[in-house]
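Nothing in this text is a laboratory measurement; each read-out follows from the coordinates by a stated rule. What you see is a predicted model, and the numbers here were worked out from it, not measured in a lab. Here the Cβ positions follow ideal geometry from the backbone for every residue, glycine too, while neighbour counts run over all protein chains shown.
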Amino acid sequence: MKPIGILLFTGLFLIACSNEHAITEQEHLAEVEAWHEHRINSLSAERGWLRLAGLFWLEHGETPFGSSAEHMIRFPEGSIAAFAGTILYENELITVTPASDVEIFVDGLLLSEPITFHKTESPEFTQGRLAWSFLTRDELTGLRLYDQESYVFTNFQGIERFPVDLSWRIVATLRPHAQPTEIPIVNILGQTGYVPSPGMLEFTIEDKNFQLIALEAANNRLFIILGDETNRDLTYQGGRYMYIDNPGPNRSVVLDFNKAYNPPCAFSEYTTCQLPPPENRLALRVEAGEKRYVQPTK
């Protein structure tokens with residue numbers, strides 16, 4: 001009788017999980033459309049990926065910046081003075097010195113003299129339609145530039161998607177790792193970082209079992225970097241991203257592929273996107289979520 005009791009309990013548990021995550025087609029459509037609207041608003045925000053206009057890796061020593069073609073750090077033509085100042089990078093410290101005739105603001109205050117800070121503690125600089133700050137990627141330190149009139153933003157006409165399909169909203173189970181685990185994740189620069197992972201997401205599609213490695217993310221969420229066979233022709237070649245809620249103690253969670261989205265690299269060359277780990281390259285066509293974004297031609 002004991003094995004029967006276990007099977008009965010398991011069946012009831014799975015039914016309870018399924019009912020907990022049940023949703024109608026109309027509710028699902030409204031949910032995905034609201035998610036998509038938020039997605040577009042985030043992309044188009046003042047510091048959204050569509051506004052990126054430059055990523056300049058710093059060399060040690062002093063480097064001038066401005067709109068002149070002579071500068072290694074060249075901002076868009078007409079956006080700022082030909083010579084706007086200098087950036088000194090040495091001993092992990094960055095010093096920004098504005099040109100005497102250029103008004104640059106730092107965290108909203110006029111920069112009247114050189115400012116020095118550690119490379120990991122960058123303030124935000126603004127001048128007219130431009131904003132920039134500094135970032136680090138392992139041994140690299142760079143300046144990331146945003147332009148409110150970037151070509152990508154001003155020519156953006158939305159993202160093509162697969163039709164919303166409730167069958168791609170799947171209940172998955174999180175199987176925790178036996179011990180604390182960090183997953184090696186490679187970015188487009190070839191750098192490898194190690195990201196904590198709580199476990200594997202297990203799910204079934206058309207009677208076939210699949211797994212995805214889940215990565216820890218902020219706000220008690222999980223981050224998924226996935227590849228699938230549509231990357232060859234219909235979706236972004238480097239894979240797509242998803243966020244899902246942390247399932248908590250019952251380990252049951254919704255994996256909605258209708259919310260699979262293009263990484264920042266699909267919109268801008270000035271990003272350092274992470275690529276799917278080999279375990280997350282699914283041997284199926286996930287025809288749901290965002291399709292490959294086609295860059296506007298200049």
Fill in: Positive minus negative residues near S150 (Lys, Arg vs Asp, Glu; Cβ under 10 Å)
0
Worksheet item: What are the residues whose amide H is under 5 Å from the amide H of T235, where those residues sit 5 or more places off or on another chain and H is modelled from the backbone?
Response: R292
Response to the item:
Counting only residues 5 or more apart in sequence or on a different chain, those whose built amide H sits under 5 Å from that of V286 are E229, T230
Worksheet item: Tell me, what ³J(HN,Hα) does each residue in the range 285-297 have, in order and in whole Hz, if you take phi through Karplus 6.51 cos²θ - 1.76 cosθ + 1.60 with θ = phi - 60° and put x for Gly and Pro?
Response: 9, 8, 8, 7, x, 6, 8, 4, 7, 9, 5, x, 8
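Report the relative contact order of the range 91-240, percent, no decimals, based on alpha-carbon pairs under 8 angstrom and at least 6 residues apart. Could you put the intermediate results ahead of the total?
Numbers: 196 pairs, mean separation 15.8, N = 150.
Worked out over the range 91-240, it gives 10 percent.
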Worksheet item: Antiparallel as a % of all DSSP beta bridges within the range 51-147, to the nearest 5?
Response: 95 percent
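Got the relative contact order for the chain handy, in percent, Cα pairs under 8 Å and 6 or more residues apart?
15 percent
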Fill in: Rounded to whole Hz, the Karplus (6.51, -1.76, 1.60) HN-Hα couplings of the range 203-211, x for glycine and proline
7, 10, 10, 6, 6, 10, 8, 9, 9
Worksheet item: Which order, highest average first, do 202-215, 48-61 follow once you tally other Cβ atoms within 10 Å for each residue and take the mean per peptide?
Response: 48-61, 202-215
Practice prompt. With label points built 7 Å along Cα→Cβ from the Cα atoms of E182 and E269, find their separation and express it in nm.
Written response: 3.3 nm
Fill in: Residues with amide H under 5 Å from that of A99, placed H, sequence gap 5 or more
G85, T86
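May I ask you to order 258-265, 36-43, 125-132, 159-166 by the average number of other C-beta atoms within 10 Å around their residues, highest value first?
For the peptides 258-265, 36-43, 125-132, 159-166, the packing ranking is 258-265, 125-132, 159-166, 36-43.
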Worksheet item: Applying the Karplus parametrisation 6.51 cos²θ - 1.76 cosθ + 1.60 with θ = phi - 60° to the phi angles of the range 155-172, what ³J(HN,Hα) value in whole Hz is obtained for each residue in order, glycine and proline being reported as x?
Response: 10, 6, 10, x, 10, 6, 10, 6, x, 4, 9, 4, 5, 8, 9, 10, 7, 10
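Decide, for the range 57-190, between rounded, prolate and oblate: order the square roots of the alpha carbon gyration tensor eigenvalues as a ≥ b ≥ c, take rounded if a/c falls under 1.5, and otherwise choose prolate if a/b is larger than b/c, else oblate. Write down the numbers at each step before the final one.
On the way: a/c = 2.75, a/b = 1.61, b/c = 1.71.
In terms of gyration-tensor shape, oblate.
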Discussion item. Once you keep just the Cα pairs under 8 angstrom separated by 6 or more residues, what percentage relative contact order results for the range 51-147?
Written reply: 27 percent
Item to complete: Grab the other residues whose beta carbon is less than 15 angstrom from that of G61, score K and R as +1, D and E as -1, and report the net.
Response: -3
Discussion item. Counting only other residues whose beta carbon sits under 9 Å from that of V195, what net charge do I get with K and R as +1, D and E as -1?
Written reply: -2
